[in-house]
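Participant: Below are the structure tokens for one structure; questions will follow.
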Amino acid sequence: MKIMRALVKETLSREQIDRLTQDIVDACRTLDDKGAAHGNERAQVKRGTGY
């Protein structure tokens with residue numbers, strides 16, 4: 001992964017920001033360990049705007 005962007009509301013509490021930060025760190029660690037999604041997994045991703 002080269003770049004990750006996140007849109008975050010200004011009204012989030014410090015606790016919510018800390019949780020979001022930890023979730024992102026965990027996700028990056030999982031990507032490092034597991035690698036990118038396999039083509040079959042990627043095909044299952046929902047890309048519509050209704051989700």
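Participant: Just one of the numbered conditions (1) surrounded by 10 or more Cβ atoms within 10 Å (Cβ to Cβ); (2) aliphatic (A, V, I, L, M); (3) in a loop (DSSP other than H, G, I, E, B) is not true of ALA27; which one?
Facilitator: (3)
Participant: Being among the polar types (S, T, N, Q) and modelled with pLDDT under 90 is true for just one of THR30, THR21, THR11. Which residue is that?
Facilitator: On inspection, the qualifying residue turns out to be THR30.
Participant: Another question, then. Restricting attention to region 13-41, report how many residues are basic (Lys, Arg) and either under 18 Å from ILE3 (Cβ atoms) or touching a residue at least 60 places away in the same chain (Cβ under 8 Å) (or both).
Facilitator: So the answer is 1.
Participant: Sort out which residues of region 30-45 are of a type outside the set (Val, Ile, Thr) and part of a helix (DSSP H, G or I), and write them in order of number.
Facilitator: LEU31, ASP32, ASP33, LYS34, GLY39, ASN40, GLU41, ARG42, ALA43
Participant: Just checking, does region 11-23 include any residue being assigned to a loop (DSSP other than H, G, I, E, B) and loosely packed, with under 10 Cβ neighbours inside 10 Å?
Facilitator: Yes, there is a match, as at least one residue in region 11-23 is assigned to a loop (DSSP other than H, G, I, E, B) and loosely packed, with under 10 Cβ neighbours inside 10 Å.
The values are calculated or read from the model by the stated rules, or taken from the named source; none is laboratory data. Keep in mind it's a predicted model, so treat the numbers as computed, not measured. Neighbour counts run over all protein chains shown; Cβ positions are idealised from the backbone, glycine included.
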